[in-house]
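Enquirer: The structure follows.
The values are calculated or read from the model by the stated rules, or taken from the named source; none is laboratory data. Everything numeric in this text was worked out from a predicted model, so none of it was measured. Please note: Cβ atoms are built from the backbone with ideal geometry, for glycine as well, and neighbour counts cover all protein chains shown. Keep in mind that these areas ignore ligands, DNA and RNA; they rest on the heavy atoms of the full protein, side chains included. Shrake-Rupley method; radii C 1.70, N 1.55, O 1.52, S 1.80 Å.
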Amino acid sequence: MGRLAQTDGLTEIQRDILATVRDFVDKEIIPVATELEHKDEYPTAIVEGMKQLGLFGLTIPEEFGGLGESLLTYALVVEEIARGWMSVSGIVNTHFIVAHMINAHGTREQKEYFLPRMAAGEIRGAFSMSEPGLGSDVAAISTKGVRDGDHYVLNGQKMWLTNGGTSTLVAVLCKTDEGGSTPYKNMTTFLVEKTPGFGPNPTVPGLTVPGKIEKMGYKGVDTTELVLQDVRIPADRILGGVPGKGFYQMMDGVEVGRVNVAARGCGVARRAFELGISYAQQRSTFGKRIAEHQAIQFKLAEMATKVEAAHQMMVMAARKKDGGERNDLEAGMAKYLASEYCKEVVEDSFRIHGGYGFSKEYEIERLYREAPMLLIGEGTAEIQKMIVGRRLLEEYRIAD
């Protein structure tokens with residue numbers, strides 16, 4: 001296993017969970033990941049295996065059928081899964097965010113209705129905030145929800161839904177314009193149940209999930225749009241039961257999602273390092289293994305340092321959230337550092353592989369296409385810097 005990316009202070013239960021997941025990744029994910037990724041094939045067997053391990057209910061409280069584990073445990077599990085294949089970690093990520101939002105903000109009825117089936121993997125969640133013209137400017141949201149008696153009518157177009165086709169529950173952020181003093185108080189999260197699949201939804205009139213978006217990497221998992229045309233949703237499917245709180249609920253989800261993306265970056269970087277240091281000990285040039293060349297040793301040292309630094313930053317951010325503290329500063333730092341370091345470690349591993357890294361026969365080629373998604377997922381580096389910068393000014397403000 002090596003000494004990199006170790007986490008101090010784990011309980012015996014946490015260590016057992018991670019050992020089980022690591023074994024599952026080594027036996028069930030890594031051997032098939034590249035083949036499935038090249039085919040852009042959904043990893044059905046892997047998902048079934050994760051359901052049997054209880055991973056879809058990892059953080060859901062025990063009273064609702066989950067394991068009741070911490071954000072830290074979840075992040076470390078995601079790190080292990082992403083080490084095997086980043087797309088698989090995406091399948092559980094949006095599910096985890098929606099489960100977290102329901103547990104943190106849902107009504108008692110919503111928790112009792114959704115969480116047990118989410119824990120079992122029977123309901124799988126997707127998270128829908130972005131729109132084609134939205135980017136990071138959430139205040140510019142245009143998808144609208146208009147009250148009509150005891151229902152809301154939703155109209156608009158959402159973008160970049162991970163699990164958009166395979167999910168059965170989507171948390172959809174809409175503009176509701178019900179008297180809030182700012183745009184952020186005029187947004188509402190709706191819990192929309194649907195049938196999995198693409199095209200017009202057979203059980204939700206007006207809801208359409210077009211086909212998968214073709215991507216450079218992050219294949220296997222489906223990424224889609226979501227079109228809503230006069231979709232009627234009962235008012236009791238507003239998350240928390242009260243309109244106008246959607247922005248803050250979504251930002252809470254994004255905050256834990258940033259820890260998840262940081263964990264994914266750690267996992268991909270660790271796998272790239274493993275591939276690089278292994279190849280360096282097999283390939284010979286100028287009469288000796290390339291690992292014996294000082295230039296390669298320097299590169300390996302830099303890679304390992306980045307893997308370790310990103311891991312420890314991610315762990316700190318997760319522990320802050322678990323402790324009930326505000327962690328937007330640490331989550332932003334962790335997401336920024338881990339995604340940037342992941343890109344750099346993957347590129348260095350690619351360079352160590354030389355021409356063979358450009359071949360689809362080698363795993364590093366897949367990682368090289370996957371790493372860029374982490375630079376933009378859950379907010380770009382520029383957005384993370386804005387968040388971190390503002391929080392630092394709050395912490396270090398001087399008197400006028």
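Enquirer: What is the set of long-range amide H partners of Leu169 at a cut-off below 5 Å, with H atoms built 1.01 Å from backbone N?
Expert: Correct list: Arg124, Ala126, Lys194.
Enquirer: Hey, got the Cα dimensions of the chain along the principal axes, in Å, largest first?
Expert: 79, 59, 42
Enquirer: Right, next: Mind listing the long-range amide H neighbours of Tyr152? Cut-off is under 5 Å, sequence gap 5 or more, other chains count too, H placed in the peptide plane at 1.01 Å from N.
Expert: When sequence neighbours closer than 5 places are left aside, the close amide H contacts are Ile233, Ala235.
Enquirer: Moving to a separate point now. Evaluate the charge dipole of segment 41-110 about its Cα centre and quote only its size in Debye, nearest 20, assuming +1 on the Cβ of each Lys and Arg and -1 on the Cβ of each Asp and Glu. All intermediate terms of the calculation are to be shown ahead of the outcome.
Expert: Details: 3 positive and 8 negative charges, 18 e Å.
Charge dipole, segment 41-110, about its Cα centre: 80 debye, nearest 20.
Enquirer: Next up: Using the Kyte-Doolittle scale, find the helices of the chain whose mean hydropathy is at least -1.0 and whose Cα atoms extend 30 Å or more along the helix's long axis, counting only whole DSSP H runs.
Expert: 246-280, 294-322, 328-353
Enquirer: Still on this model: Could you work out the pair-distance distribution P(r) of segment 206-269 from its alpha-carbon pairs, with 5 angstrom bin width and percents rounded to whole numbers?
Expert: Whole-percent P(r) values from 0 Å outward: 4, 12, 11, 15, 22, 18, 11, 6, 1.
Enquirer: Subtracting the Cα-Cα distance from 0.36 nm times the residue separation, let me have the gained length for Glu193 to Arg390 in nm, one decimal.
Expert: Fully extending the segment from Glu193 to Arg390 adds 67.2 nm.
Enquirer: Taking just the C-alpha trace of segment 1-88, give me its Rg and Dmax in Å.
Expert: In Å, with Rg to one decimal and Dmax whole: 13.6, 40.
Enquirer: Assuming R0 = 41 Å, what is the FRET efficiency of Ala235 and Ile30, from their Cβ-Cβ distance, to the nearest 0.05?
Expert: So the FRET efficiency works out to roughly 0.30.
Enquirer: How compact and how long is segment 43-124, expressed as Rg and Dmax of its alpha-carbon atoms in Å?
Expert: Cα only, segment 43-124: 12.0, 37 Å (Rg, Dmax).
Enquirer: Specify the inter-centroid distance of segment 88-111 and segment 128-192, based on alpha-carbon positions, in whole Å.
Expert: The two parts, judged by their Cα centres, are 17 Å apart.
Enquirer: Moving to a separate point now. How much of the DSSP bridge set in the chain is antiparallel, in percent, rounded to the nearest 5?
Expert: 85
Enquirer: Any idea what diffusion coefficient segment 90-170 gets from Stokes-Einstein, in µm²/s, Kirkwood Rh on alpha carbon pairs, 37 °C, 0.692 mPa s? Intermediate results must be reported in sequence, preceding the final value.
Expert: On the way: Rh = 14.0 Å.
Value of D from the Cα-based Kirkwood radius: 235 µm²/s.
Enquirer: Right, next: Computed from the mean reciprocal separation of all distinct C-alpha pairs, what Kirkwood hydrodynamic radius does segment 309-348 have, in Å? Don't jump to the answer; show the numbers that get you there.
Expert: On the way: mean 1/r = 0.0971 Å⁻¹.
With all distinct Cα pairs of segment 309-348 included, I get 10.3 Å.
Enquirer: Now for a different question. Quick check: pseudo-label points 7 Å beyond the Cα along Cα→Cβ at Ser359 and Glu302, how many nm apart are they?
Expert: 2.6
Enquirer: Can you bin every Cα-Cα distance in segment 233-354 into 10 Å intervals starting at zero and give me the percent of pairs per bin, rounded to whole numbers?
Expert: 14, 32, 22, 16, 9, 5, 2, 0
Enquirer: Still on this structure, please answer the following. Order the peptides 225-235, 18-28 from the highest to the lowest mean number of other Cβ atoms within 10 Å of their residues.
Expert: Working: 225-235: 18.5, 18-28: 16.3.
Most protected by this proxy first, the peptides run 225-235, 18-28.
Enquirer: I would also like to ask the following. Would you mind counting up the charge near Ser136? Only other residues with Cβ under 11 Å from its Cβ, with Lys and Arg at +1 and Asp and Glu at -1. Can you show the working numbers first?
Expert: On the way: positive: none; negative: Asp137, Glu378, Glu382.
Net of charged neighbours comes to -3.
Enquirer: Turning to a different aspect of this structure: Summarise the accessible area of the chain (1.4 Å probe, protein heavy atoms) by the percent that is carbon and sulfur.
Expert: Here it works out to 53 percent.
Enquirer: Just need the Rg to Rh number for segment 290-400, please, alpha carbons only, Kirkwood Rh.
Expert: Expressed as Rg/Rh, it is 1.10.
Enquirer: Using per-residue counts of other Cβ atoms within 10 Å, averaged over each peptide, order 282-292, 368-378 from highest down.
Expert: The most tightly packed comes first, giving 368-378, 282-292.
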